[in-house]
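To start, the structure itself, in structure tokens.
The values are calculated or read from the model by the stated rules, or taken from the named source; none is laboratory data. Computed from a prediction, not measured in an experiment: that's the story for all the values here. With ideal geometry, Cβ positions are generated from the backbone for all residues, glycine too; neighbour counts draw on all protein chains shown. These accessible areas exclude ligands, DNA and RNA; they are computed on the full protein's heavy atoms, side chains included. Shrake-Rupley method; radii C 1.70, N 1.55, O 1.52, S 1.80 Å.
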Amino acid sequence: PLIPPDEGQVQQEMERVYRPVRNESGFGWKEIQIGLNRIMQDYCGQYKSKEILNVGLWFLKTVKDNELRRMTAANPHDLMRAIETDTRLAADEIIMLASLGRDTSNPVLDFCRTDCPEGKTEDEYMLALWQQDGTTAYEKMPMDFWLRGENAPDYEENYRRCGCLEGRDE
């Protein structure tokens, strides 16, 4: 059955999306994009450390709390670019948080942490991120997590268990 939308959430989203149209003066989307580019280059570049990434997150929060709230849009094109800028800021935060979660260097991913001991690398793993109680949580998962635990040790057996191969010639 259809669930009625949460009117409070709808109003909150409309306020966020249309805020640039209502702002009379402030920053354009281009200036904020340039700022985001600079933050990512300076604080999430080739070489990363916990301290630098935390400073970068602080700068992103500052942009979100100040410049993004004062962004202006004079026409539909600018409004769309303003919404994209808001989305880009969220993606930048995710990238920095994922970089914080990966605490060792990994040459395969071309990921270099300057604050990890020389030559120390971990086995390959995936980093699953999610939001929990307003903060970002993450879990390191083995690359073949779906073949572990109560799952079968190979793809074919997993397919058999879920009934995906029933009625097919082998």
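Checking the structure you have, find out if any residue of region 114-131 is open to solvent by less than 90 Å² (accessible area, probe 1.4 Å), touching a Phe, Trp or Tyr at 6+ places or on another chain (Cβ under 6 Å) and at pLDDT 85 or above.
Here is the first cut: in region 114-131, the ones open to solvent by less than 90 Å² (accessible area, probe 1.4 Å) are 114-117, 119, 121-122, 125-129.
Then drop every residue that is not touching a Phe, Trp or Tyr at 6+ places or on another chain (Cβ under 6 Å), which leaves 114, 127, 129.
Narrowing further to those that are at pLDDT 85 or above: 114, 129.
Yes; the residues of region 114-131 include at least one that is open to solvent by less than 90 Å² (accessible area, probe 1.4 Å), touching a Phe, Trp or Tyr at 6+ places or on another chain (Cβ under 6 Å) and at pLDDT 85 or above.
Does region 1-39 hold any residues that are within 24 Å of Ala74 (Cβ to Cβ), aliphatic (A, V, I, L, M) and touching a residue at least 24 places away in the same chain (Cβ under 8 Å), and which are they?
Val17, Val21, Ile32, Leu36
Only residues in region 41-53 that are of a type in the set (Lys, Arg) count as the first member; pair them with residues that are assigned to a helix (DSSP H, G or I) and open to solvent by less than 20 Å² (accessible area, probe 1.4 Å), Cβ under 8 angstrom, at least 6 apart or cross-chain, and list the lot.
Lys48/Ser99
Any chance you could count how many residues in region 42-56 are touching a Phe, Trp or Tyr at 6+ places or on another chain (Cβ under 8 Å) and either surrounded by fewer than 20 Cβ atoms within 10 Å (Cβ to Cβ) or hydrophobic (A, V, I, L, M, F, W, C) (or both)?
Taking region 42-56 and keeping what is touching a Phe, Trp or Tyr at 6+ places or on another chain (Cβ under 8 Å), we get 43, 48, 52-53, 55-56.
Narrowing the set further to residues that are either surrounded by fewer than 20 Cβ atoms within 10 Å (Cβ to Cβ) or hydrophobic (A, V, I, L, M, F, W, C) (or both) leaves 52-53, 55.
Adding up the residues that qualify gives 3.
Going by what's in this entry, would Ile52 be described as out of contact with any Leu (no Cβ under 6 Å at 6 or more places or on another chain), aliphatic (A, V, I, L, M) and more than 21 Å from Phe111 (Cβ to Cβ)?
On the way: out of contact with any Leu (no Cβ under 6 Å at 6 or more places or on another chain): yes; aliphatic (A, V, I, L, M): yes; more than 21 Å from Phe111 (Cβ to Cβ): no.
No: the conditions fail for Ile52.
Quick one: in region 57-79, which of the residues that are free of Cβ contacts under 8 Å to residues at least 40 places away in the same chain and open to solvent by less than 60 Å² (accessible area, probe 1.4 Å) is nearest to Gln12 (Cα to Cα)?
Top of the filtered list is Leu68.
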